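Where a number appears in this text, it was derived from the coordinates with a stated rule and is not lab data. Because the structure is a prediction, the values reported are computed rather than measured. All Cβ positions, glycine included, derive from the backbone under ideal geometry; neighbour counts span all protein chains shown.
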Amino acid sequence: MALLEVSHLSISFGGLRAVDDFNLTIEKGELYGLIGPNGAGKTTVFNLLTGVYRPNEGVIKLDGQDITGHKTMEINKDGIARTFQNIRLFHQMSVVDNVKAALENQYQCSLLESIMHLGRYGKVEKEMNDEAMDLLKVFSLEQYADYLASNLPYGQQRKLEIARAMATKPKLLLLDEPAAGMNPNETKELMDTISLIRDKFGITILLIEHDMKLVSGICEKLTVLNFGRVLAQGQTKEVLSNPEVIKAYLGDE
């Protein structure tokens with residue numbers, strides 16, 4: 001069974017068809033890319049998948065469950081986590097506390113225990129801290145655990161945002177332009193990290209990206225959007241050599 005099945009997804013804003021009859025199937029464990037020129041509708045698709053927008057038409061199924069129209073928090077509990085084009089961290093919190101914030105719903109303490117540091121509080125706090133540190137180690141961020149998130153270099157902030165998303169234990173991880181603003185060395189390190197978390201945690205990854213070196217280096221399949229509609233789908237090498245895809249990116253000769 002496919003992990004994600006999107007059928008005939010559409011949404012309009014003030015008469016503009018931002019996404020039109022979008023279809024997508026991603027198998028469990030795939031590393032899949034969603035690409036297209038600026039304004040093609042890629043982030044709108046992510047917003048539809050995560051409940052930021054409700055589609056006018058279409059169905060979204062995650063692991064066989066219809067999640068169409070679910071709210072953002074419900075969709076996160078269903079098993080979808082995401083990062084954003086513009087990094088969204090708790091900048092005045094420590095690196096480890098950013099990850100622990102994403103673990104809160106998985107560990108239960110009463111309000112009184114939390115305020116007074118009684119009962120289960122100590123055990124729960126230690127378990128959360130240990131799990132957060134384990135995740136930071138995966139991303140080689142453990143040495144920065146006590147730093148303010150705002151003090152991390154840009155590339156490390158990107159990795160922290162992914163680590164925080166991973167803390168929610170998603171089935172499907174959505175990465176929105178994860179290499180944006182990175183230098184070539186940071187991009188290479190990011191590619192290795194994305195492949196590592198897919199293999200280590202067995203999760204499925206869908207990413208939006210403009211860096212074609214990253215896309216061709218790690219994505220197994222691609223969907224190309226143009227003006228809100230699917231232009232091409234298939235194996236990465238075939239899609240990137242498609243004349244219509246090249247034309248959409250580079251324009252007419």
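As a length-normalised measure over Cα pairs under 8 Å and 6 or more apart, the relative contact order of the chain settles at 27 percent.
Peptides 219-228, 197-206, 138-147 ordered by packing proxy, namely the average of other Cβ atoms within 10 Å per residue, highest first: 219-228, 197-206, 138-147.
Approximating the spin labels as points 7 Å out from Cα along Cα→Cβ, the S241-to-E57 distance works out to 3.5 nm. In a fully extended conformation the segment linking R17 and H91 would gain 23.1 nm over its present Cα-Cα distance, using 0.36 nm per residue. Sorted from greatest to least, the principal axis extents spanned by the alpha carbons of the chain come out as 66, 39, 35 Å.
Relative intensity of region 145-250 on a log10 scale, I(q)/I(0) at q = 0.12, 0.13, 0.14, 0.23 Å⁻¹, equals -0.47, -0.54, -0.62, -1.32, per a Debye sum over C-alpha point scatterers of equal strength in the absence of solvent. Our note on the geometry: Cα centres of region 203-229 and region 62-106, 21 Å apart. Using only Cα atoms and rounding to the nearest 10 degrees, what angle (0 to 90) does helix 154-166 make with the longest principal axis of the chain? Around 80 degrees separate the two axes.
Given the Cα-Cα distance of H8 and N185 and 0.36 nm per residue of separation, how much length would full extension add, in nm? All intermediate terms of the calculation are to be shown ahead of the outcome.
Numbers: separation 177, 0.36 × 177 = 63.72 nm, distance 3.89 nm.
Fully extending the segment from H8 to N185 adds 59.8 nm.
DSSP finds beta bridges in the chain, and of those with both partners inside it, around 60 percent are antiparallel.
For K28 and S150, what is the calculated FRET efficiency with R₀ set at 35 Å and r taken between the beta-carbons, to the nearest 0.05?
Values: r = 36 Å, r/R0 = 1.04.
It comes out at approximately 0.45.
Under a 5 Å amide H cut-off, with hydrogens placed 1.01 Å from N, N56 pairs with S10, I11, S12 among residues at least 5 apart or on other chains.
The lysine pair tally for region 169-253, using Cα distances under 21 Å and a gap of 8 or more places or different chains, is 14.
Of the peptides 26-38, 176-188, how do they stack up when ordered by the mean number of other Cβ atoms within 10 Å, highest first?
On the way: 26-38: 19.2, 176-188: 17.1.
Result, highest mean first: 26-38, 176-188.
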